[in-house]
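Here's the structure we're looking at; comments come further down.
The values are calculated or read from the model by the stated rules, or taken from the named source; none is laboratory data. This structure is a prediction, so every number in the text was calculated from the model and none was measured. Cβ coordinates were reconstructed from backbone atoms using ideal geometry, including for glycine residues, and neighbour counts include every protein chain displayed. The accessibility values were calculated without ligands, DNA or RNA, using every heavy atom of the protein model including side chains. Shrake-Rupley method; radii C 1.70, N 1.55, O 1.52, S 1.80 Å.
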Amino acid sequence: MITELLAGNLSEVEEAVRRAAAVEILPRWRQLAEHEIVLKTGPNDPVTVADRGAEELLTAALTALLPGSVVVGEEAVSADPSTYDALRGDAPVWIVDPIDGTRQFIRGEPGFCTLVALAHRGELLASWTYAPVLDEMAVAVRGRGAHLNGEPLHAGTPAPGAVLEIATSHPDFTTPEQKRSLLALRTEGINPRPCGSAGLEYLGIARGDVDAIAFNWELAWDHAAGLLLVEEAGGAHLTLTGEPFRITGGNTLPFTAARDAATARRVAGILSAGSVG
């Protein structure tokens with residue numbers, strides 16, 4: 001069934017993503033009532049009725065498109081952490097972040113997106129990154145490249161000698177130890193800054209606007225769609241062991257994704273030296 005889905009027209013998945021945004025997300029953008037926002041683990045971890053409604057809609061639509069598949073969604077895992085174990089199972093998995101950049105969404109800013117990826121036995125097969133306010137839909141299929149609104153995406157290579165623009169884990173979501181490991185990026189030739197929506201940072205790499213990311217967490221819904229998008233646009237990703245990031249977990253952190261393999265090795269090397277220090 002996976003082969004049939006990937007060989008056929010993937011527009012049905014895109015349609016499901018667009019519908020979730022149209023029905024559950026956009027009507028609530030800049031219209032949220034106070035009671036429609038709650039905190040999960042703390043002040044920096046909000047969730048809204050739009051997050052939950054969109055994930056429920058996507059779960060029903062995606063599993064119907066691929067019978068036998070399961071969903072690992074941010075909100076479902078929040079309710080039942082054991083759901084995350086499906087990433088290491090045999091069933092095809094839809095990895096869903098209904099609103100990546102919930103804080104931006106709550107503030108009424110346009111910098112949020114919906115992320116969906118399809119994986120099987122730890123391998124990413126396809127992904128969708130949709131920024132509804134910006135009207136941007138990025139799609140990647142393994143071995144077939146990456147596209148933004150139907151146009152090919154090419155990450156390219158940073159210009160020789162150019163200062164690298166790197167989005168890093170936001171200070172609100174890093175421990176003191178993690179902050180220290182990222183301090184190594186404050187060196188000549190690199191301009192680090194806190195990230196916004198992780199999904200949009202990955203899209204920035206795929207289109208050549210951002211040179212790399214350096215992140216300290218490995219929750220699959222934040223990274224799966226973007227990692228495949230970067231790969232299919234010609235980029236690369238590495239953990240501190242020099243291996244690609246695994247969505248099933250157990251990565252040595254922090255890790256990086258970058259416009260090309262040379263940049264990924266350079267950033268990973270700096271992060272590794274900083275971690276040892």
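One table, with the values for the structure above:
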{"quantity": "Qualifying residue in the stretch 164-184 (condition: in contact with a Gly (Cβ under 9 Å, 6 or more places away or on another chain), of a type in the set (Ser, Thr, Tyr), farther than 25 Å from Ala76 by Cα and outside any loop (DSSP other than H, G, I, E, B))", "calculated": "yes"}
{"quantity": "Whichever residue in the stretch 164-180 is in contact (Cβ under 8 Å) with a residue 24 or more places away in the chain and open to solvent by 80 Å² or more (accessible area, probe 1.4 Å) and, among such residues, is farthest from the chain's Cα centre (by Cα)", "calculated": "Arg180"}
{"quantity": "Tabulated pairs, the stretch 187-198, first in a loop (DSSP other than H, G, I, E, B), second open to solvent by 20 Å² or more (accessible area, probe 1.4 Å), C-beta under 7 angstrom, 6+ apart or interchain", "calculated": "Thr187/Ile270; Gly189/Val163; Cys195/His170; Gly196/Gln104; Gly196/Gly111; Ser197/Gln104; Ser197/Gly111"}
{"quantity": "Members of the stretch 234-249 that are small (Gly, Ala, Ser), farther than 21 Å from Asn191 by Cβ and at pLDDT 95 or above", "calculated": "Gly234, Gly249"}
{"quantity": "Single residue of Glu55, Glu24, Glu109, Glu15 found to be closer than 28 Å to Thr248 by Cβ and either over 20 Å from the mean Cα position of the chain (by Cα) or acidic (Asp, Glu) (or both)", "calculated": "Glu55"}
{"quantity": "Some residue of the stretch 166-186 being at pLDDT 95 or above and under 23 Å from Val96 (Cα atoms)", "calculated": "yes"}
{"quantity": "Criterion (within 26 Å of Leu148 (Cβ to Cβ) and touching a residue at least 40 places away in the same chain (Cβ under 8 Å)) met by exactly one of Leu203, Leu183", "calculated": "Leu203"}
{"quantity": "Per-region count, the stretch 233-258, residues in contact with a strand residue (DSSP E or B) (Cβ under 7 Å, 6 or more places away or on another chain) and in contact (Cβ under 8 Å) with a residue 40 or more places away in the chain", "calculated": "8"}
{"quantity": "Positions within the stretch 63-115 being open to solvent by less than 40 Å² (accessible area, probe 1.4 Å), farther than 16 Å from Ala50 by Cβ and touching a Leu at 6+ places or on another chain (Cβ under 8 Å), in sequence order", "calculated": "Leu66, Ser69, Val71, Val72, Pro92, Val93, Trp94, Ile95"}
{"quantity": "Any hit, the stretch 140-156, residues being within 16 Å of the chain's Cα centre (by Cα), surrounded by fewer than 17 Cβ atoms within 10 Å (Cβ to Cβ) and on the phi > 0 side of the Ramachandran plot", "calculated": "no"}
{"quantity": "Extreme residue, farthest from Leu65 (Cα to Cα), among residues of the stretch 1-26 that are of a type in the set (A, V, I, L, M) and out of contact with any strand residue (DSSP E or B) (no Cβ under 7 Å at 6 or more places or on another chain)", "calculated": "Leu26"}
{"quantity": "Residue match in the stretch 28-38 (condition: open to solvent by 40 Å² or more (accessible area, probe 1.4 Å) and among the β-branched types (Val, Ile, Thr))", "calculated": "yes"}
{"quantity": "Residues (in contact (Cβ under 8 Å) with a residue 12 or more places away in the chain and of a type in the set (D, E, K, R)) located in the stretch 1-16", "calculated": "Glu12, Glu14"}
{"quantity": "Failed condition for Pro160, given (1) more than 16 Å from Arg259 (Cβ to Cβ); (2) at pLDDT below 95; (3) open to solvent by 10 Å² or more (accessible area, probe 1.4 Å)", "calculated": "(1)"}
{"quantity": "Matching residues in the stretch 50-62 - criterion: being surrounded by 16 or more Cβ atoms within 10 Å (Cβ to Cβ) and free of Cβ contacts under 8 Å to residues at least 60 places away in the same chain", "calculated": "Ala50, Asp51, Arg52, Gly53, Glu55, Glu56, Leu57, Leu58, Thr59, Ala61, Leu62"}
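For (1) open to solvent by less than 10 Å² (accessible area, probe 1.4 Å); (2) more than 23 Å from Glu136 (Cβ to Cβ), each residue gets a yes or a no:
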residue	(1), (2)
Leu203	yes, no
Phe215	yes, no
Ala220	yes, no
Val230	yes, no
Gly235	no, no
Leu240	no, yes
Leu253	no, yes
Arg266	no, yes
